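Remarks on the structure that follows.
The values are calculated or read from the model by the stated rules, or taken from the named source; none is laboratory data. The model shown is predicted, which means the values in this text are computed figures rather than measured ones. In this analysis, Cβ positions are derived from the backbone assuming ideal geometry, glycine residues included, and neighbour counts consider all displayed protein chains.
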Amino acid sequence: MQNAFLVLAVFMLVLTLLVKPVGLYMAPICKGSAPILFKSFDKKLMRLLGLENCSQTWSEYAGSLVCFNILGLIVLYLMQRFQAYLPLNPEGLGAVDSYTAFNTAISFVTNTNWQSYGGESTMGYFVQMAGLALQNFLSAATGIAVAFVLMRSLVAKQQVLLGNFFSDVVRISLYILLPLAFAYAIFLVSQGCIQNFSSYIDASTLSGVQQTIPMGPVASQEAIKMLGTNGGGFFNANSAHPFENPTDLSNFSQCLAIFVISAALCYTFGVIVNDSRQGWTIYIAMAIIFVTCASLMIVFESAQSPYLLDAGAAPDFYNTEGKEARFPLGQSALFSTVTTSASCGAVNNMHDSLNPLSGMLTMLLMQIGEVVFGGVGSGFYGIFIFIFLAVFISSLMIGRTPEYLGKKLTPAQMKLIAIAVLCTPFLVLAATAIACLFDFNLDSLNNTAAHGFSEYLYAFSSAANNNGSAFAGLNANTPFFNIATGLCMFFGRFIVIICILGCAGAIAKQKIIPSSSGTLPTFGLFFSFLIAGTVILIGALTFLPALALGPVVEHIEVFFN
Amino acid sequence: MSKKHKALNFADKDILKDALKESFRKLNIKVQLQNQVMFIVYLGSIFTSVLSVMSLFGAYEENFFFVFSISLILWFTVLFANFAEAIAEGRAKAQANSLKDLKKTTDAFKVVAGEDLSLGDKVKTEKIDSDLLQVNDLVLVKAGEIIPCDGEIIIGMASVNESAITGESAPVIRGAGCDFNSVTGGTTLLSDFLIIRANCEKGKSFIDKMINMVESASRRKTPNEIALTILLLSLTIVFIMVTAAMLPFSEFAVKFNENGHIVSYSVLIALLVCLIPTTIGGLLSAIGVAGMGRLLNANVIAKSGRAVEAAGDVDVLLLDKTGTITYGNRQASEFYPDIGVSKTDLARSALLASLVDDTPEGRSIVTLANKMGIHEELNNDFTFIPFSAQTKMSGVNIKGRQIRKGSPETMTKYLETLDVFVSKAMMRTVNEVASHGSTPLLVVDDNKLMGIVELKDIVKAGIKEQFAKLRVMGIKTVMITGDNPLTAAAIAAEAGVDDFLAEATPESKLNTIVKYQKEGHLVAMTGDGTNDAPALAQADVAVAMNSGTQAAKESSNMVDLDSSPTKLIDIVHIGKQMLITRGSLTTFSIANDVAKYFAIIPAAFATTYPELNVLNVMGLASPSSALLSAVIFNALIIIALIPLALRGVTYKPMSAKTLLIKNICIYGLGGIITPFIGIKLIDMLISIIL
């Protein structure tokens, strides 16, 4: 357990060191230009694309964003359906079934990467690279673009124009995601990730069993899967697969890669508002929740499951069920917490096999809206919903009408914040309730009673909050789950984005009120705790009854009986 | 704050009785629909009432007594919220009514119709209330009286102290046929007499408007109230979702465990009512009304709730120098004798010249001389020469000895007629005194210039500390004065204001406000003159003096019946207090939910998952007593917090951060802990009774 905490400590240290350089690098892109290295290239490119001086209002921006994403969705759907006619398909994989294709298309466009299919047995190389991996880039860029718009709106003085969606996406993809992914892919190859277009290899194992070993351009996809908090594995086993995640170092670096952009966006924010304390405050608020959850995860997971003990497992060992034997407790617990804190959803162990309370942590981290670092961009704009709520109430408590960075929170913004905060809990609770009502869903469950309920709850928490990881016990490749999770992913992503953009539009129009000693200080450790407290309180109050009926009951049953 | 009228008691019998009646009258569905959070409770009460009737006749399978108790408590919850609103309204109304009697009026001496105006101040007049003056009425005003209305001078020339309006402490000359022939109500005549034709009618009562405002039905919600309602509504919707989802969740659990039964409707409704923010929902409008009530208590009438809210946000206060920062009258502070004259001699001459002069300046010279231990008395053989607009000097003749005092300009001319010239050294002193922001007064005894008396605007005691407190609260103070920049700077430095506007004109006041607003500040100001009207209309919080003109009152959003310029500070205080009360009770209400979950979740699923009793950390006796205790606590907390809602959370000026930490600890942590104790106590009582 000590080693596990050491891993966590080193992880936080390295992450904190990375925040400033990466954050600084991204700042000029948020301001609507390019990093120095790409400046002249950017000028020519924007002229070529005709994207000079065509800043959009929030509604035009939202319109472009939604249309662009829906177009991506249609293209990805068609690619899967017509896979058989596409190149780079050495295994000759056929058309993907329409429900699965619908679900997968939404899943990758919304940065969820919920996978109701097994990668190696469903998708050819072309679909993986030109379809799925492309969306890995674009969905990540979309998230970051929305975060940038929010940042710009907070420093805008009575403006209606917030930047151009297409130039944002192009710049984010070309200057942030592509270079980072390229460098990271090379590193992964150095660790042993494969990168080829070969046919699957037939091999006979030491025990003489014939085995087909899938191949593919893994490293390139793996890099963006982590950096873009997408999480869709090339293989079904995801990051537990040795070709995706070969070594301890690759595992550790993958955890870092998931967090790095989301965490650095906090610093970028500090640069944009010209007050780095504001950015660090948000970073620390996220870090408080993350470190607490990761520590609890290590503690919960260090207890061996009573079921395994009954089966004769050594009592002095951690919960080994569903874990990749290559990775020690620290590396597994860290990965599980990171992947659910951020909306990544890649896994290196099976969350279905986590001890009940650890499973509850992973669910809670998703249910609070993926705001603990969260998805790239989406975590940043997501936590702002809670920051606005915290600011609203605490401003009143000091006798001011609510304001954040000199921007008043008026009914116009509060309406949108209310919709955003209601959206995902509604989707999760309503979809889980509907799943409970239909008995045909029981066939999908591996378990019954409380754990079965947790499997439903996890699935919809993951989908609506665009995480994409799964309690592996659930077979989600049924028409009901493909459609239900598909709709959850779509609305969970775009309703929140539209609310945030609308909110940014309303904020940008306002003037900036100078701060004084009477205004609420929105920086410092106290405010970090206040944000973290708001996130946890709202999340806990919304999901406590559901969690009580799932993991809490299960924990009592497993550990107290 | 004024304590002139009887402070209203929370437990005033009549108010309580009316409020009780009113709480039942407010059960009308139209009234309930205005408060969406409480409307959910209202629907819950109706629904559980129907369930309890059904269970009595066996149409619904649940213990009749339990369902009936729940429905009863829910009805009480609704009534308690109604009561809170009714009592706040009752108190505010009572306060408004008591103010009606208090409204200050000045006496006006109306010239009897048909009088010959050439009689001057000997015309026949009748004494009437200034409020009863009509346009074109003629009014006689004598020295020392307050001019009762705005008007135009028909006859006479006199010096008028307009410091209440212009901020300039030196008197101005107003006269018929001059460029300046209009006078403003509320200013004081210092010398001579005037006959004025009233050109503006005094007011219709704002109090009637105010009484309308405290009735929540006609009270428009302020922007912040609307935003808070949106937040409360979204929390309500979250909890409706949470409770609604529990039905299928529970069904699923029962199906697999094959024991227990699905959570009942009455339990779900009880849970819902406990979780939605009823505490703040029930008290929100009471807090708003009580805020207006507290203003009334300070003798301030607000014309909109919005202005009260804005007062909490104000970060620039424009304060009139006169009356707010200084006493408004120049007072003698020092004697500067001429070469060859002793200080005592100068003081003695000045004292003699002022003994019968009852202007504030004259009296202050007497006080200063007495302080130096110099006492003089006049025997009967003297003539007092009062200040007049023509001579512009005053003094006394004692047996041919002529002592005069006056401004340097007047006195230099006077000395020239006596062939006496002011020395260069004396002129330097004159300039020096003026550069301090004070007024020099030359004293001449017979043919000899004795020296200079320094008349100084005296800064009010304790005002500097007030401004320091405001600075801690993040509020900037700006002094407005008609004085020259030199004088203004000297006083500004002495009083510790952050900024000043010298030689203020209506235009420059307006421009100052616009400038601050452009920088994003919220500006508050007080005013009373007609020429203040544009600035008052521009300011975010504008307080008109009741002694001021109708135009000033029309363009402001509050009226101060006491006409006290320092009232602005009280108003900011009340505005902040109202917002703090709102925020604190919201936090308290949400924090309460944690304990309620611990009471209700184990109880609701007791039959399906008895092991959830681990969560029953309070050790509540039984599932039904746990549910009842939670609902009872939820109802009682509304009653318990009514006094706080009416009184407002205690607020002392401190930095935002300290205040936030303090309030989060009290209402956030307190809100988590209190219900654990409260529910446990109620549960103990219930288990004794049952």
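Odds and ends about this structure:
- Residue match in region A:166-179 (condition: assigned to a helix (DSSP H, G or I), of a type in the set (D, E, K, R), closer than 20 Å to A:ALA346 by Cα and at pLDDT 90 or above): no
- Lone unmet requirement of (1) touching a helix residue (DSSP H, G or I) at 6+ places or on another chain (Cβ under 6 Å); (2) crowded, with 24+ Cβ neighbours inside 10 Å; (3) in a helix (DSSP H, G or I); (4) not polar (S, T, N, Q) for B:PRO248: (2)
- Residue that is surrounded by the fewest Cβ atoms within 10 Å (Cβ to Cβ), among those in region B:251-262 that are closer than 22 Å to B:CYS274 by Cβ and more than 7 Å from chain A (Cβ to nearest Cβ): B:HIS261
- Options A:VAL496, A:VAL535, A:VAL553, A:VAL558: the member that is in contact (Cβ under 8 Å) with a residue 12 or more places away in the chain, of a type in the set (Val, Ile, Thr), facing another protein chain (nearest Cβ under 9 Å) and within 30 Å of B:PRO248 (Cα to Cα): A:VAL553
- Within region A:511-526, the set of residues being crowded, with 21+ Cβ neighbours inside 10 Å and facing another protein chain (nearest Cβ under 9 Å) comprises A:GLY518, A:LEU520.
- Flag if B:SER584 is more than 9 Å from chain A (Cβ to nearest Cβ) and of a type outside the set (Val, Ile, Thr): no
- Of all residues in region B:609-641 being of a type in the set (A, V, I, L, M, F, W, C) and not in a helix (DSSP H, G or I), the one that is surrounded by the fewest Cβ atoms within 10 Å (Cβ to Cβ): B:VAL617
- Test result for A:CYS436, within 14 Å of chain B (Cβ to nearest Cβ), under 21 Å from A:PHE380 (Cα atoms), assigned to a helix (DSSP H, G or I) and in contact (Cβ under 8 Å) with a residue 12 or more places away in the chain: no
- Single residue of region B:440-466 satisfying the filter (more than 30 Å from B:THR477 (Cβ to Cβ) and acidic (Asp, Glu)) that is nearest to the chain's Cα centre (by Cα): B:ASP445
Residues checked against (1) in contact with a strand residue (DSSP E or B) (Cβ under 6 Å, 6 or more places away or on another chain); (2) modelled with pLDDT of 90 or more:
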site: B:MET210; (1), (2): yes, no
site: B:LYS221; (1), (2): no, no
site: B:GLU225; (1), (2): no, no
site: B:LEU228; (1), (2): no, yes
site: B:ILE240; (1), (2): no, yes
site: B:GLY260; (1), (2): no, no
site: B:PRO277; (1), (2): no, yes
site: B:SER285; (1), (2): no, no
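- Some residue of region B:264-273 being in a helix (DSSP H, G or I), under 38 Å from the mean Cα position of the chain (by Cα) and more than 28 Å from A:LEU445 (Cβ to Cβ): yes
- Subset of region B:342-393 [on the phi > 0 side of the Ramachandran plot and more than 42 Å from the chain's Cα centre (by Cα)]: B:GLY373
- Residue in region B:646-661 that is farthest from the other protein chains (Cβ to nearest Cβ), counting only those that are assigned to a helix (DSSP H, G or I) and within 21 Å of B:ARG294 (Cα to Cα): B:LEU646
- Looking only at residues in region A:539-551 that are in contact with a helix residue (DSSP H, G or I) (Cβ under 7 Å, 6 or more places away or on another chain) and among the aliphatic types (A, V, I, L, M), the one that is farthest from A:GLY379 (Cα to Cα) is A:LEU549.
- Within region A:300-322, being of a type in the set (Phe, Trp, Tyr) and under 13 Å from A:PHE559 (Cα atoms) holds for A:PHE300, A:TYR307.
- Taking the conditions (1) modelled with pLDDT of 85 or more; (2) under 21 Å from B:PRO171 (Cα atoms) in turn, B:ALA434 satisfies each one other than (1).
- Single residue of B:ALA591, B:ALA551, B:ALA599, B:ALA606 found to be at the interface with another protein chain (Cβ under 8 Å from one of its Cβ atoms) and either at pLDDT 90 or above or surrounded by fewer than 23 Cβ atoms within 10 Å (Cβ to Cβ) (or both): B:ALA591
- Exactly one residue out of B:MET618, B:MET578 is in contact (Cβ under 8 Å) with a residue 40 or more places away in the chain, of a type outside the set (S, T, N, Q) and within 30 Å of B:LEU268 (Cβ to Cβ), and it is B:MET618.
- Some residue of region A:328-345 being aliphatic (A, V, I, L, M), surrounded by fewer than 24 Cβ atoms within 10 Å (Cβ to Cβ), at pLDDT below 95 and out of contact with any helix residue (DSSP H, G or I) (no Cβ under 7 Å at 6 or more places or on another chain): no
- B:PRO675 meets each of the listed conditions (1) over 28 Å from B:ILE262 (Cα atoms); (2) under 38 Å from the mean Cα position of the chain (by Cα); (3) assigned to a helix (DSSP H, G or I) apart from (1).
- In the set A:ASN447, A:ASN467, A:ASN475, only one residue is part of a loop (DSSP other than H, G, I, E, B), within 30 Å of A:ASN238 (Cβ to Cβ) and within 14 Å of another protein chain (Cβ to nearest Cβ); that residue is A:ASN447.
- When we screen B:ASP179, B:ASP101, B:ASP121, B:ASP131 for residues that are at pLDDT below 80, under 30 Å from B:ARG647 (Cβ atoms) and not in a strand (DSSP E or B), the only hit is B:ASP101.
- Top-ranked residue in region B:496-546 [being acidic (Asp, Glu) and in a helix (DSSP H, G or I); ranked as surrounded by the fewest Cβ atoms within 10 Å (Cβ to Cβ)]: B:GLU507
- Failed item, numbered, when A:ALA506 is tested on (1) more than 14 Å from chain B (Cβ to nearest Cβ); (2) assigned to a helix (DSSP H, G or I); (3) not polar (S, T, N, Q): (1)
- Of all residues in region A:403-431 being at the interface with chain B (Cβ under 7 Å from one of its Cβ atoms) and in contact with a Ser or Thr (Cβ under 7 Å, 6 or more places away or on another chain), the one that is farthest from A:ILE498 (Cα to Cα): A:GLY406
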